[in-house]
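See below for the structure under consideration.
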2 protein chains.
Amino acid sequence: MYRDHNCGELRESDIDTSVTLSGWVQKVRDKGFVTWVDIRDRYGITQLVFDEDRTSSKLIAQARDLGREYVIQITGTVIERASKNPKIPTGNIEVLVKELSVLNESKTPPFTIENETDGGEDLRMKYRYLDIRRNPVKNNLIFRSKVTMEVRKYLSEHGFIEVETPYLIKSTPEGARDFVVPSRMNEGQFYALPQSPQTFKQLLMVGGMDKYFQIVKCFRDEDLRADRQPEFTQIDCEMAFVEQEDILIAFEGLTKYLLKEINGIEIDTFPRITFDQAMKRFGNDKPDIRFGMEFGELNAVAQHKEFNVFNSADLVVGIAIPGGATYTRKEIDALVDWVRRPQVGAKGMVYVKCNEDGSFKSSVDKFYDQEDLAQWAEITGAKPGDLICVLSGDANTTRTQLSALRMEMAQRLGLRNPKEFAPLWVIDFPLLELDEETGNYHAMHHPFTSPKPGQMELLETDPGAVRANAYDLVLNGNEIGGGSIRIHDKDMQSTMFKHLGFTPEEAKAQFGFLMDAFQYGAPPHGGIAFGLDRLVSILGGQETIRDFIAFPKNNSGRDVMIDAPAPIDEGQLKELHLVLDIKS
Amino acid sequence: MYRDHNCGELRESDIDTSVTLSGWVQKVRDKGFVTWVDIRDRYGITQLVFDEDRTSSKLIAQARDLGREYVIQITGTVIERASKNPKIPTGNIEVLVKELSVLNESKTPPFTIENETDGGEDLRMKYRYLDIRRNPVKNNLIFRSKVTMEVRKYLSEHGFIEVETPYLIKSTPEGARDFVVPSRMNEGQFYALPQSPQTFKQLLMVGGMDKYFQIVKCFRDEDLRADRQPEFTQIDCEMAFVEQEDILIAFEGLTKYLLKEINGIEIDTFPRITFDQAMKRFGNDKPDIRFGMEFGELNAVAQHKEFNVFNSADLVVGIAIPGGATYTRKEIDALVDWVRRPQVGAKGMVYVKCNEDGSFKSSVDKFYDQEDLAQWAEITGAKPGDLICVLSGDANTTRTQLSALRMEMAQRLGLRNPKEFAPLWVIDFPLLELDEETGNYHAMHHPFTSPKPGQMELLETDPGAVRANAYDLVLNGNEIGGGSIRIHDKDMQSTMFKHLGFTPEEAKAQFGFLMDAFQYGAPPHGGIAFGLDRLVSILGGQETIRDFIAFPKNNSGRDVMIDAPAPIDEGQLKELHLVLDIKS
């Protein structure tokens, strides 16, 4: 037996007990007459003591030779600590060591195994197994495990069956790029890794499983942006015989449960907002509603004056920044520069200081009088002491720019408190999205999403106006889940494929099995999928999903620890009926 | 709302309630004055009634038009059934229908959706979504979900953390063939899909996670035998600071828990047997101990007589078949033919009838007297009325052949009762296995398995004799789990790679990250992995793992429902820097 207790559990009630512990050397402190060693494992840290009065000199010498991260096993007696450490649970005791053996030595780690480490991101990724020893990473992984257990518990108790769907499936040209897997036994053919189990969960509904879920890895071969992984985990769910309302209720229930169990926060009914309203009020289809600063549209009161910038704009829209009236000229100039950065892209910014005395001072005083500006303040909800920032131009672009400013100012003002949780349903998404480059429409959610009742006709005349039975669950400005009521009628699905530019042959080749299935009694159904990596990081009050993934990949899709991907040998390629096509 | 009750929950206490149900039409029975429709969902079947007295003629006509597997929604009143059906939980009531709507029609299914179907395997695989509607398949999937929930519950309660390890890893030439995934962003390079998360779970132990588990898909590109899938699911576990005994205790606990919770069976301490003993007593490293028929080695009593077949044999070994003394000459000849089939491969079989009167009649009476045969009976444990079957030849081959006969006879005698559970630990496996073709040794378990203490030296002199800290958990003649205590010392791991024929460069290229990790304080660790598909099928009292997989692949690794794998387009290949190399 390597241990009979772990390094986090000994207390004053254990005093005089003989114990055996195993763990890592966190620290050795040698004061001459006495040597302390902190021993660490997943559960905590316990102080070991060696002193000249009570410990053999051989053992003391052994203790002094221990290096950081050595793996040791000790046996000793629990004693009361002279100088107690109230900061750790084992702080009232220490173990007077009788026997010590080194189970494994350690080279000096490339970075310190402390809560605050001196290791940079790259080094920590290469030695991820050492990074995981650090409490912040270790605790995140334990947190993730806890969240998934709670998700499974809730869904099981609510009648959902976890069904494993296959990983080796078929590539579809629609949507993001697939990772593919060459088949050795089927020459010239490939499997694809699933971007989601979408069609399989729909087939499970056709199969009468009624309520399905799965916590499942999904794969997308996309150019990686910061904090996006080629493999990611989804909580994938589907229900039969449901309308949108049933889904919203079911998964609002799950989310409330998690917030309660994990974060100890009780939230009443989640607010709902349509996609159109979200864009109008927040410039964003995943608004962060932990704070206000809602958009005020100023066209009616700011146009038709002498100010041509506004007169020629599609949209004039502003937000009120709390307390911003005290900004100096320099600070405001910096703000103007900020919105003009290429990442935001505004041409300029008009501002209005709402002075405490009720007067206004703006950058466009030449064109607008106090009465005009009072209207702006009313529309943007600005109070004395606030600063109104106004952008103008094309509606969509301007909203996106002002949304960026709103988020930035909330960040600066500390309004994005990670311990506060503001969920929101965004509903009535457009069914189709115009691809500006090709002029074609493609599915905003996916090709299986149903339009709102009675809107099929609009598909012919005004495809962009068709609204879908599609919804997103937004938490603190992040889309944590999204789903839709699906099409369950073969003819409607065929029509949809046609509108998405599939020929009947293409539709049959790719999704024939699904349309076949719809001929044999497909029930109405719908579902949702949550991005687990994101959900866990938000519930954990952090920003970076990578911190909640045991072995993440870097922005080039590489695992720098194991050095993958890597070349494979000629024999493997030959068996797979492939040759490399590399520019030399 | 599509329903306010499901089709399995209405009882007499619901009589007079108005209810809305949705589901599939199981059956329509029309008796002229009254029409019954059975409506089915995941939860059960409810009888709907339409009769001339109480139902509008329009509604009756509608009901008569319903086809099998139509999806319908009805509203009606729960009434007492005239002729009750005690076989189903809803059998005391029926619903008098007031409103009926067809949610979706159905073509006639290609096979009947009944517990006993007329559909062949191929057809049921192509229309798997219809097969899943059948109770036996549906219940298996629900059963699987339940088993995995219980596994997670037990392991979580015992301090194991579920950690997701990556699916896009690196190919290793060792062991079975990898499925590989070409990288678009890293030209000419490939990820591999994991055959198991072995190295990652070991790194998690180096990382101090202490107790890890994961229910995870694994992939092997092997030529498929019956009932083997290219993707399969493992319950993967690892613990730090453990010896073999700790692992056996921990996972005996899990297995007992499952047998109790799932099957209602309590089993005391699991027996243990060494690999050598298992081979000697059962001719098999995964013996089915639900029944006896242990091997009796007869060399000492059967050799050195006049019978040259035995004299020239390495091993003479027999089993006693209960009640076999009554077999006719024809039946015994058939048995001899059975052991001579190429699948078994014995050259012949000697038999001894143990007559009820205590006398013996054998096929080798010319060479052995009654006293000799009495010794055979004693050694094989044969009782009056039994038949002793004796095979001889090379030891390994003969044991394998006799094991096949033992299993076959147990099957014929009904001794392999799927409701009985006989778990067994097989321990002390050989570390290495001789590859007869190449004359090289390779790791029997995997290259990370540690030899038993003090046996490293034997590696030089007698590699085949080295025993490992490796163990299998066997249930009813199936290996349901296997694992080992791992090497955690860099030098020992290097030595092991050397003995397995890796050059230092190859070892570094493939497993450098692991050996690096072992330099930074790797704790002693070990683990186990259970084959979930097999475990679930055995607990479910069935033979075929395919019946417990929602969407299995066929023996050519194809998903015949979605028709995968499939060709991909030229553009995709080009992006992946590949061209096909196909013989035309």
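Key figures for this structure:
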| read-out | value |
| --- | --- |
| Any hit, the range A:143-160, residues being charged (D, E, K, R) and free of Cβ contacts under 8 Å to residues at least 24 places away in the same chain | yes |
| Residue tally, condition touching a residue at least 60 places away in the same chain (Cβ under 8 Å) and at the interface with chain B (Cβ under 9 Å from one of its Cβ atoms), over the range A:519-530 | 5 |
| Members of the range A:87-116 found to be open to solvent by less than 50 Å² (accessible area, probe 1.4 Å) and either in a loop (DSSP other than H, G, I, E, B) or within 14 Å of chain B (Cβ to nearest Cβ) (or both), listed by number | A:T90, A:G91, A:S101, A:L103, A:N104, A:S106, A:P109, A:P110, A:F111, A:T112, A:I113 |
| The one condition in (1) touching a Leu at 6+ places or on another chain (Cβ under 7 Å); (2) under 24 Å from A:V147 (Cβ atoms); (3) open to solvent by less than 30 Å² (accessible area, probe 1.4 Å) that A:G253 fails to fulfil | (1) |
| The range A:201-220 residues that are closer than 16 Å to B:C7 by Cα and open to solvent by 10 Å² or more (accessible area, probe 1.4 Å), paired with ones that are charged (D, E, K, R) and not in a loop (DSSP other than H, G, I, E, B) (beta carbon under 8 Å, 6 or more apart) | A:K211/A:E238 |
| Residue match in the range B:224-244 (condition: farther than 25 Å from A:L576 by Cα, open to solvent by 20 Å² or more (accessible area, probe 1.4 Å) and out of contact with any helix residue (DSSP H, G or I) (no Cβ under 8 Å at 6 or more places or on another chain)) | yes |
| Entirely in the range B:503-584, the helices (runs of 4 or more DSSP H) that have 1 or more residues that are farther than 21 Å from A:L578 by Cβ and open to solvent by 10 Å² or more (accessible area, probe 1.4 Å) | B:504-517, B:532-539 |
| Residue match in the range B:154-171 (condition: at pLDDT below 95 and either open to solvent by less than 20 Å² (accessible area, probe 1.4 Å) or more than 13 Å from every other protein chain (Cβ to nearest Cβ) (or both)) | yes |
| Residue tally, condition closer than 28 Å to B:Y471 by Cα, part of a loop (DSSP other than H, G, I, E, B) and not small (G, A, S), over the range B:272-313 | 11 |
| Which listed residue, of A:D533, A:D563, A:D516, A:D559, is within 14 Å of chain B (Cβ to nearest Cβ) and farther than 24 Å from B:Y191 by Cβ | A:D516 |
| Filtered residues of the range A:436-465 (kept if assigned to a loop (DSSP other than H, G, I, E, B) and open to solvent by 50 Å² or more (accessible area, probe 1.4 Å)) | A:E436, A:E437, A:T438, A:N440, A:M444, A:H445, A:P453, A:G454, A:E457, A:D462 |
| Boolean, B:G8 is in a strand (DSSP E or B), touching a residue at least 12 places away in the same chain (Cβ under 8 Å), surrounded by 15 or more Cβ atoms within 10 Å (Cβ to Cβ) and small (G, A, S) | no |
| Only one of B:I39, B:I93, B:I79 that is within 19 Å of A:A240 (Cβ to Cβ) and touching a strand residue (DSSP E or B) at 6+ places or on another chain (Cβ under 9 Å) | B:I39 |
| Some residue of the range A:221-229 being touching a Pro at 6+ places or on another chain (Cβ under 8 Å) and under 26 Å from B:V137 (Cα atoms) | no |
| Qualifying residue in the range A:361-372 (condition: acidic (D, E), more than 14 Å from A:L391 (Cβ to Cβ), surrounded by 14 or more Cβ atoms within 10 Å (Cβ to Cβ) and touching a residue at least 60 places away in the same chain (Cβ under 8 Å)) | yes |
| Evaluation of A:I568 against (1) within 34 Å of the chain's Cα centre (by Cα); (2) under 22 Å from A:P197 (Cα atoms) (one fails), failing number | (2) |
| Test: A:I262 is within 13 Å of chain B (Cβ to nearest Cβ) and surrounded by fewer than 24 Cβ atoms within 10 Å (Cβ to Cβ) | no |
| Complete set of residues in the range A:546-556 that are of a type in the set (S, T, N, Q) and facing chain B (nearest Cβ under 7 Å) | A:S556 |
| Residue within the range B:484-494 that is out of contact with any Leu (no Cβ under 8 Å at 6 or more places or on another chain), open to solvent by 40 Å² or more (accessible area, probe 1.4 Å) and basic (K, R) present | yes |
| Matching residues in the range A:117-133 - criterion: being within 13 Å of another protein chain (Cβ to nearest Cβ), in a loop (DSSP other than H, G, I, E, B) and either acidic (D, E) or farther than 19 Å from B:K211 by Cβ (or both) | A:G119, A:Y127 |
| Close pairs from the range A:254-267: first in the same structural domain as A:V474 (by TED's automatic domain parsing), partner in a helix (DSSP H, G or I) and among the charged types (D, E, K, R), Cβ under 8 Å, at least 6 apart | A:Y257/A:E150; A:L258/A:E150; A:E261/A:E150; A:I262/A:K146; A:I262/A:E150; A:E266/A:K256; A:E266/A:K260; A:I267/A:K256 |
| Residue identified as farther than 20 Å from A:M205 by Cα, open to solvent by 10 Å² or more (accessible area, probe 1.4 Å), more than 14 Å from chain A (Cβ to nearest Cβ) and part of a loop (DSSP other than H, G, I, E, B) among B:K58, B:K84 | B:K84 |
| Residue check, A:T20 within 14 Å of chain B (Cβ to nearest Cβ), touching a Ser or Thr at 6+ places or on another chain (Cβ under 6 Å) and either farther than 29 Å from B:G159 by Cβ or open to solvent by 10 Å² or more (accessible area, probe 1.4 Å) (or both) | yes |
| Failed criterion for B:E543 (all others in (1) more than 9 Å from chain A (Cβ to nearest Cβ); (2) out of contact with any helix residue (DSSP H, G or I) (no Cβ under 8 Å at 6 or more places or on another chain) hold) | (2) |
| Tally, over the range B:329-354, of residues that are touching a helix residue (DSSP H, G or I) at 6+ places or on another chain (Cβ under 9 Å) and not in a helix (DSSP H, G or I) | 12 |
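Here is a yes/no grid of residues against (1) small (G, A, S); (2) assigned to a loop (DSSP other than H, G, I, E, B); (3) more than 26 Å from the chain's Cα centre (by Cα):
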position	(1), (2), (3)
A:D357	no, yes, yes
A:V364	no, yes, yes
A:P384	no, yes, yes
A:V390	no, no, yes
A:M407	no, no, no
A:Q411	no, no, no
A:V426	no, no, no
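The values are calculated or read from the model by the stated rules, or taken from the named source; none is laboratory data. Not measured: the values here are computed from a predicted model. Here Cβ is always computed from backbone atoms with ideal geometry, including for glycine, and neighbour counts include all displayed protein chains. Surface areas here come from the heavy atoms of the whole protein model, side chains and all, with no ligands, DNA or RNA. Shrake-Rupley method; radii C 1.70, N 1.55, O 1.52, S 1.80 Å.
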